[in-house]
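One structure is given below, encoded as structure tokens.
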Amino acid sequence: MTSVLYDVPGPRAIARNRIIGVVTVIAVAAVIGFFVWRLIATGQFTAEKWYAFTFTNVWISVGEAALNTLRAFAAAAVGALVLGFVLAIGRLSDHAWVRAPFTAVIEVLRAIPVLVLMFLLYYGMPVVGIRVEPYWAVVVALIAYNGSVLAEVIRAGVESLPRGQKEAGYAIGLRKSGVMRLVLLPQAIRAMMPVIIAQLVVTLKDTALGYIITYEELLFYARFIGSQSTYGSPIVPATIIVAVIYIALCLLLSLVANRVEKRLRRSPKEPGGGVHHPVAPTTDTELIAAQLKASSKDAGTGRAV
């Protein structure tokens with residue numbers, strides 16, 4: 001038995017896949033168990049290691065670091081989306097003199113690692129007399145890199161649409177700007193929303209690179225509190241707490257983005273879509289039959305006259 005994409009597995013393949021799945025789960029559980037055992041054996045879960053986190057001021061500082069992370073992410077996400085749209089529209093231009101520079105900018109920004117961009121902004125700009133704060137070095141670097149990636153995502157979404165979508169827009173009298181804004185981009189965004197969400201999650205995680213240029217975000221504070229010998233150098237507990245916060249933020253971002261995606265994908269004919277249909281729904285076959293019947297009646301009336 002086969003399907004469109006692959007052969008349906010038989011009894012032996014099903015049994016083999018189950019065995020592989022069980023072995024994989026056991027292996028992953030063993031690795032996690034070994035890691036936890038080593039943490040326990042080295043005393044990472046003792047009260048002394050977690051003593052620093054019994055102070056309110058420490059949690060206030062953790063909260064401030066989390067807010068700094070969110071500040072950088074929010075500015076970078078908005079800037080990357082705006083830059084991505086601008087670069088994508090330029091990349092899709094019909095004029096080579098417009099398309100070529102935008103293509104070059106996208107390829108250059110995509111090729112430079114985010115950390116290198118941060119170094120250039122924070123350590124390189126003062127050489128030419130311009131001092132960039134750590135916050136802006138992080139934000140601008142994230143905007144430049146993620147904006148170029150999102151530009152390619154949006155371009156791929158537009159080019160994946162059927163050619164008839166563009167031709168239909170031109171047929172009803174729209175110019176290219178109208179076709180792009182009203183026809184192509186909304187469909188491309190809906191189609192590429194999972195990729196856009198994934199790139200925004202990457203943007204959130206890449207804010208952690210800011211600690212290298214002394215931006216006081218979560219990882220910077222985890223390294224700071226973990227190096228305090230007064231509290232027993234709790235680097236592992238601090239890292240665990242920061243990791244949990246990052247996971248929670250990424251899950252929250254994915255949840256919000258998925259809700260937005262479902263709302264965008266919801267058909268206007270569904271309840272709550274905001275469109276009222278006073279006429280009962282009719283199938284295409286019924287409409288064609290009614291039109292043929294009306295045409296026949298008009299033709300008969302014409303002959304009678």
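In the set Ala66, Ala104, only one residue is free of Cβ contacts under 8 Å to residues at least 60 places away in the same chain, surrounded by fewer than 20 Cβ atoms within 10 Å (Cβ to Cβ), part of a helix (DSSP H, G or I) and of a type outside the set (Phe, Trp, Tyr); that residue is Ala104. Reported count of residues in segment 126-146, each being more than 28 Å from Arg91 (Cα to Cα) and buried (at least 16 other Cβ atoms within 10 Å of the Cβ), is 3.
Give the residues of segment 201-226 that are aliphatic (A, V, I, L, M) and surrounded by fewer than 21 Cβ atoms within 10 Å (Cβ to Cβ), sorted by residue number.
Listed by number, the residues that qualify are Val201, Val202, Ala208, Leu209, Ile212, Ile213.
Here Leu39 fulfils each of the conditions (1) within 30 Å of the chain's Cα centre (by Cα); (2) assigned to a helix (DSSP H, G or I) apart from (1). For Trp59, the criteria (1) aromatic (Phe, Trp, Tyr); (2) surrounded by 12 or more Cβ atoms within 10 Å (Cβ to Cβ); (3) over 30 Å from the mean Cα position of the chain (by Cα); (4) not in a loop (DSSP other than H, G, I, E, B) hold in every case but one, which is (3).
Answer with yes or no whether Ala72 is assigned by TED's automatic domain parsing to the domain that holds Arg155, in a helix (DSSP H, G or I) and touching a Leu at 6+ places or on another chain (Cβ under 6 Å).
no
Annotation: Arg38 fulfils all but one of (1) more than 30 Å from Thr207 (Cα to Cα); (2) of a type outside the set (A, V, I, L, M, F, W, C); (3) at pLDDT 85 or above; the unmet one is (1).
Criterion first (under 30 Å from Pro186 (Cα atoms) and part of a helix (DSSP H, G or I)) does Leu87 satisfy it? So Leu87 passes the test.
Looking across segment 113-125 at every residue that is within 25 Å of the chain's Cα centre (by Cα) and exposed (fewer than 15 other Cβ atoms within 10 Å of the Cβ), the one that is farthest from Ile154 (Cα to Cα) is identified as Val116.
If you go through segment 41-56 and keep only what is among the aliphatic types (A, V, I, L, M) and surrounded by 15 or more Cβ atoms within 10 Å (Cβ to Cβ), you end up with just Ala52.
The values are calculated or read from the model by the stated rules, or taken from the named source; none is laboratory data. If you're wondering where the values come from, they're calculated on a predicted model, not measured in any experiment. Note: ideal-geometry Cβ built from the backbone for every residue, glycine included; neighbour counts use all protein chains shown.
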